[in-house]
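The values are calculated or read from the model by the stated rules, or taken from the named source; none is laboratory data. Since we're looking at a predicted model, the values are computed, not measured. Every residue, glycine among them, receives a Cβ derived from its backbone with ideal geometry; neighbour counts consider all protein chains shown. The protein model used for the area step is the full one, side chains on, heavy atoms only, and it has no ligands, DNA or RNA in it. Shrake-Rupley method; radii C 1.70, N 1.55, O 1.52, S 1.80 Å.
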Amino acid sequence: MLVVAPALAARLATSEGGFEAPSLDDFFPPAFAFNGSNFFELNRLSLVRIIATVLLVLVLWLGARAMRVVPGRGGNLFEMAVGFVHNSIAGDVLGPKASRRYLPLLATIFFTVLAMNITGVVPLLNIASTSLVSMPLLLALVAFIAFIAAGIKEHGVKGYFASALFPKGPPKLIYIILTPIEFLSTFVLRPATLTIRLMANMISGHFLLVAFFSMTNYLLIGAAWTLKGVSVLSFGAALAFTAFEIFVAVLQAYIFTLLTSVYISLARESH
Amino acid sequence: MITAAGAPAGIGLFIPPLYDIVLSVACLAVIAFVVVKKVVPTYLTVLDERTAKIEGGLRKAAEAEAQIAEERALAAAQLEQAAADAARAKQEARQDAEAIVADARRKASAEAERLLAAAQAQIAADTKAAEVALRADIGSLATELAERIVGEALTDSALAGRVVDRFLDELSSGVAPTGGERP
């Protein structure tokens, strides 16, 4: 927390009673360590990401240790979470056998996205590190490689790309239009949409929360006394959106993982 | 230490800086390591173990059930056997009782016949003796009557009738006609 304190203090100083509109600058705070180093520069979001990773690893480790044939409360809860990825995401899409094989990949994606999303509503952290492009892009790349690998494993290199780019059925002339479309949708739009969907959701969530909390701050302290009552409304909205952001954090993790398994399933089944 | 920073413009928003990529890869690698090496293997092991335990439990339950059914069948067979034994014993006892009763009845009836035969023989002997005595009596009586009739001057038929009547009266009153009237 020590490193966050100056930034927090600076923020409090500038926002005393004023309305600070959220902006994209929020996601690119100044670096506080290794400044200028291409590899190790750290800023507020880097730190939030590291904290999320450490806490997630801790939870995963303790959860794995608590899992038993006859589980206790913690083990049961953690097993439900892994079981949700295994049964509700992978199992329904990939079937019982493949869902076991792809569970490590899908569970990694699910827990990573969830942990890095949820920091957006955690007090003091207050930002989701998935709102920077690097994390969603990396995860989308992993998903991208995973479904291509699944397709190649199932049909061979030639077999997979032939089935992906030249689906059987239409007359030969149609391929002039169809093949570019298929290429675009499968190999460009899939990773792009995975990245942007997650990133945009987290950015907009942060904007909403900052807007309502900042508005409350302004209405309560800075605004004329006739307006102070409205701060109750804006604070209520801020709380409601906090709850909504928790839901979105889980939902986006679910969607990202579900789409990854759907892409893998499509690559395996294509012929 | 803190230097100014700001959002990159345009497409720059979608091109991550190198340090961000490094950190993302590092974080993802750490998480993936824990999930792949620890969480998923533990989860699948626990799941399989539980499945095996449940299957084993179900099999054991089925075996126990079969054993119970077997034992129950055995008990039922034994019960049936016992019932059959009891029935046979009862039957034998009844037969024995019938035999004993029949024997006793036969013996009693033989005894009765014997007693009857003895009584009849006794009666026959008595009758015979009575007949002999009676015959001797009748002979002497008839002789006496004849003497009396002859003795009373056979001329008086009224007298003869009276004598006969008196004789008969004496006979019926059980008194042996004596020679009171005898001349």
Do we find a residue being modelled with pLDDT under 90, surrounded by fewer than 23 Cβ atoms within 10 Å (Cβ to Cβ) and out of contact with any Phe, Trp or Tyr (no Cβ under 8 Å at 6 or more places or on another chain) anywhere in the stretch A:126-134?
yes
Do you know which residues across the stretch B:44-74 are polar (S, T, N, Q), within 14 Å of another protein chain (Cβ to nearest Cβ) and within 60 Å of the chain's Cα centre (by Cα)?
B:Thr51
Would you call B:Thr155 among the β-branched types (Val, Ile, Thr) and either in a helix (DSSP H, G or I) or at pLDDT 90 or above (or both)?
no
Give the residues of the stretch B:23-43 that are among the charged types (D, E, K, R) and more than 7 Å from chain A (Cβ to nearest Cβ), sorted by residue number.
B:Lys37
Taking interchain pairs and intrachain pairs at least six residues apart, which have beta carbon atoms under 7 angstrom, with the first residue in the stretch A:72-88 and within 13 Å of B:Val39 (Cβ to Cβ) and the second open to solvent by less than 30 Å² (accessible area, probe 1.4 Å) and not in a helix (DSSP H, G or I)?
A:Gly75/A:Met67; A:Phe78/A:Met67; A:Glu79/A:Met67
Output the qualifying pairs, or none if there are none: Cβ atoms under 9 angstrom, residues six or more apart or on different chains, first residue in the stretch A:218-239 and touching a residue at least 60 places away in the same chain (Cβ under 8 Å), second residue small (Gly, Ala, Ser) and buried (at least 17 other Cβ atoms within 10 Å of the Cβ).
A:Tyr218/A:Ser231; A:Tyr218/A:Ser234; A:Ile221/A:Ser231
A:Lys168 in contact (Cβ under 8 Å) with a residue 12 or more places away in the chain and surrounded by fewer than 18 Cβ atoms within 10 Å (Cβ to Cβ):
yes
Pairing a residue in the stretch A:130-158 that is within 13 Å of another protein chain (Cβ to nearest Cβ) with any residue that is not in a helix (DSSP H, G or I), where Cβ atoms lie under 7 Å and the two sit 6 or more apart in sequence or on different chains, gives A:Leu132/B:Pro16; A:Val133/B:Pro16; A:Ser134/B:Pro16; A:Leu137/B:Pro16
Quick one: in the stretch B:1-52, of everything that is modelled with pLDDT of 90 or more and among the acidic types (Asp, Glu), which residue is most open to solvent (accessible area, probe 1.4 Å)?
B:Glu49
Of residues in the stretch A:53-102 being within 18 Å of the chain's Cα centre (by Cα) and facing another protein chain (nearest Cβ under 8 Å), the one surrounded by the most Cβ atoms within 10 Å (Cβ to Cβ):
A:Val82
Taking A:Thr179 as the residue in question, decide whether it is in a helix (DSSP H, G or I) and closer than 20 Å to A:Asp26 by Cβ.
no
For the condition small (Gly, Ala, Ser) and either touching a residue at least 60 places away in the same chain (Cβ under 8 Å) or not in a helix (DSSP H, G or I) (or both), what is the one hit in B:Gly57, B:Gly6, B:Gly12?
B:Gly6
